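Student: Dropping a structure here in structure tokens format, bear with me for questions.
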Amino acid sequence: QVQLVESGGGLVQPGGSLRLSCAASGSIFSFNTMAWYRQAPGKQREWVATIIASATTTYVDSVKGRFTISRDNAKNTLYLQMNSLKPEDTAVYYCHLSQRGAIYWGQGTQVTVSS
């Protein structure tokens, strides 16, 4: 059984920063794909960033240059460093894990960007 628990969300002013964490427990394999998604009120869930193993990273255009996805395999933890936050980044952020044909989601953490 795999569990994903996000943390680090909160209220931040425009231009501020937050770092989200996603702690994974259970049978976690180092060669897998982890990602962050987000869902704003009234909108569909949107892919934000992906990291494959510990190397290849990709981002949605709207966060390129502002967000950085990373992972610590020793701690089974995924991160999302978010800088220069904008009000349109407000959403519930979800951790996603794909390995050996299975997909797992965390419960989400709220990020609110507002003055």
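Student: For residue 73 and residue 40, calculate 0.36 nm times their separation in residues minus their Cα-Cα distance, and state this gained length in nm to one decimal.
Tutor: 9.0 nm
Student: Tell me the label-point distance for the pair residue 47, residue 86, using the 7 Å Cα-to-Cβ offset, in nm and rounded to one decimal.
Tutor: It is 2.0 nm.
Student: When Lys and Arg each count +1 and Asp and Glu each count -1, what net charge do the other residues less than 12 Å away from residue 114, Cβ to Cβ, add up to?
Tutor: Numbers: positive: 86; negative: 88, 89.
Charge balance in the 12 Å sphere: -1.
Student: A further question follows. Give the distance, in whole Å, between the Cα centre of the range 82-115 and the Cα centre of the range 7-80.
Tutor: One Cα centre to the other: 6 Å.
Student: Need one number: nm distance between label points at residue 23 and residue 1, each 7 Å from Cα along Cα→Cβ, rounded to one decimal.
Tutor: 1.7
Student: Related question: Probe radius 1.4 Å, ligands and nucleic acids ignored: give me the carbon and sulfur share of the accessible area of the chain as a rounded percent. Could the numbers behind the result be given before it?
Tutor: Details: 2950 of 6030 Å².
Of the solvent-accessible surface of the chain, carbon and sulfur hold 49 percent.
Student: Would you please name the chymotrypsin sites (Phe, Trp or Tyr not before Pro) within the range 31-65 that are DSSP coil residues with at most 11 other C-beta atoms within 10 Å of their C-beta?
Tutor: Numbers: sites: 31, 36, 37, 47, 59; in loops: 31.
Answer by residue number: 31.
Student: When ligands, DNA and RNA are left out and all protein chains stay put, how many square angstrom of accessible area per residue does the chain have with a 1.4 Å probe?
Tutor: I get 52 Å² per residue for this part.
Student: Using only the heavy atoms of the protein chains and a 1.4 Å probe, how would 28, 69, 52 rank by accessible area, largest first?
Tutor: 52, 28, 69
The values are calculated or read from the model by the stated rules, or taken from the named source; none is laboratory data. These figures come from a predicted structure and were not determined experimentally. Positions of Cβ are backbone-derived with ideal geometry, glycine not excepted, and every protein chain shown enters the neighbour counts. These area figures cover heavy atoms from the full protein model, side chains too; ligands, DNA and RNA do not enter into them. Shrake-Rupley method; radii C 1.70, N 1.55, O 1.52, S 1.80 Å.
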